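The structure appears right after this line, and notes come after that.
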Amino acid sequence: MQSRRCPALFTSAPASGQGKTTVTAALARHHVSLGRRVRVFKTGPDFLDPMILEHASGLPVYQLDLWMGGEAHCRQLLYEAAGEADLILVEGVMGLHDGRPSSAEVARLFAIPVAAVIDAQAMAQTFGAVAYGLKHYAGDLPFHGVLANRVASARHAQLLREGTPAGLPFLGSLPRDERCELPDRHLGLVQAQEVEDLDQRLRRAGALIAETGLATMPEGVEFFPSQAPPLPRSLEGLRIGIARDVAFSFLYRANLDLLRLMGADLVFFSPLADAGLPRVDSVYLPGGYPELHLQALGANGAMAGSLQRHVQAGKPLYAECGGMLYLLESVTDLKGRRAILTGLLPGDALLHPRLKGLGYQCAPMPGGVLRGHTFHHSSIETALRPAAIAERREDGAAGEAIYTRGRLCASYFHAYFPSNPHASAQLFLP
């Protein structure tokens, strides 16, 4: 297959919290308003930013994660996007050079020029030093330019421009404006579906972006296909019920695609609103924010009973993080409010103000090892012994426990199914 060429830009920053999601979403919305088709990607294992980016672009957002998915997988995702898009945007994770692989490594591998977004509200000429370091820290990084965010005044913007070294394009500045900022909570940004004025925020941010050099269409980047073996249709005819509502929404698009490509029929349901499971062979309970909806979940005894009957019948149920919490006997939130839940797993969960788990892990699931990550603010107490323990990527230390009871499998671990299609299929096969 021949390569494809498409304008592309990689937005990054010196650190988290600089405003790169707002800028990326605003840039997508600006180009969409001009009639362009924009495909957006997110590096790293993030569920919340892609929700905002999907809302801004109107198209699905996928992860570009070299460790979870591999280079060939990421290359093919970009190649397919280049065949349909007028513009490809990639939002980085954390700081430009943070992590292994870092956003800089992803940008370099696929030759996508980087636009650095820097929160300039507490600096002047030092802005230029930070911009210079971002560009030159790791050598031959393709670099598009730098944008100053949260600028106080025209004079402030002038100081930032003057302090930017020659040869490093200054793309302009965005003012401090709370009407553009995206609200957040303990796991990150508030979900797109919960931000009532999201369109107004994006329109305003997009209008501001239109006045900067960042709005100029970037040069085309050449994207190449990768060869991957065809997927077996091992889930042909299988109906998988997937929880999807405001409490359970942490779903990778690539996971859903993989299940469909292996032949599964995906049926979505709401543990918050539905009185029972639809007619399904297997169930997938993803993560999300069940801790924010404990009373509603606890009050839906009909759904709890339906899940109990499903498991008692020996049918597969796979649960991740928040999905696992829903299977416990109870969960207690930060204010001490306790809800009785499904009781399919013995034990209780307690929410904490600080993170209790974070990072990439490998998980020995019943059908093989899956790659993924963990990110949670709760802990559980249970008498159930783990069937296996995940392994942390960084040091090989013990990671998240994996619990099984019959065909039920649950863990804090979030799996990226394309990392091992066979092992993923085994989670749902009767």
If only one of S3, S12, S33, S16 is small (G, A, S) and crowded, with 24+ Cβ neighbours inside 10 Å, which one is it?
S12
Restrict the check to segment 378-393 and report whether at least one residue is in contact (Cβ under 8 Å) with a residue 40 or more places away in the chain, touching a His at 6+ places or on another chain (Cβ under 9 Å) and hydrophobic (A, V, I, L, M, F, W, C).
no
Just name the residue that is farthest from A425 (Cα to Cα) out of those in segment 285-330 that are over 24 Å from the mean Cα position of the chain (by Cα) and charged (D, E, K, R).
E329
I want to confirm something. Restricting to segment 357-375 and keeping residues that are in a strand (DSSP E or B) and in contact (Cβ under 8 Å) with a residue 60 or more places away in the chain, which single residue is farthest from F417 (Cα to Cα)?
F375
So which residues in segment 4-32 are at pLDDT below 95 and of a type in the set (S, T, Y)?
S16, T21, T22
(1) surrounded by 21 or more Cβ atoms within 10 Å (Cβ to Cβ); (2) under 23 Å from P366 (Cα atoms) all hold for L341 apart from (2)
Which ranges mark the strands (runs of 3 or more DSSP E) fully within segment 122-229 that have 3 or more residues being surrounded by 15 or more Cβ atoms within 10 Å (Cβ to Cβ)?
143-151, 170-175
The residue from L109, L64 that alone is within 22 Å of G288 (Cα to Cα) and either of a type in the set (A, V, I, L, M) or surrounded by 20 or more Cβ atoms within 10 Å (Cβ to Cβ) (or both) is L64
Residue pairs, Cβ under 8 Å, 6 or more apart or interchain, first in segment 98-109 and in contact (Cβ under 8 Å) with a residue 40 or more places away in the chain and in the same structural domain as A131 (by TED's automatic domain parsing), second in a helix (DSSP H, G or I) and surrounded by fewer than 18 Cβ atoms within 10 Å (Cβ to Cβ). List them.
L109/E71
Please determine, by comparing only the residues of segment 176-224 that are hydrophobic (A, V, I, L, M, F, W, C), at pLDDT 85 or above and closer than 18 Å to N149 by Cβ, which one is nearest to the chain's Cα centre (by Cα).
L202
Could you list, in sequence order, all residues of segment 366-399 that are crowded, with 17+ Cβ neighbours inside 10 Å, among the β-branched types (V, I, T) and within 14 Å of A415 (Cβ to Cβ)?
T374
Taking only segment 404-425 into account, find how many residues are in contact (Cβ under 8 Å) with a residue 60 or more places away in the chain, over 18 Å from G70 (Cβ atoms) and either surrounded by fewer than 23 Cβ atoms within 10 Å (Cβ to Cβ) or charged (D, E, K, R) (or both).
4
Might you let me know whether segment 147-169 holds any residue that is of a type outside the set (K, R) and within 30 Å of L261 (Cα to Cα)?
no
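The values are calculated or read from the model by the stated rules, or taken from the named source; none is laboratory data. Bear in mind the structure is a predicted one, so any value in this text is a computation, not a measurement. With ideal geometry, Cβ positions are generated from the backbone for all residues, glycine too; neighbour counts draw on all protein chains shown.
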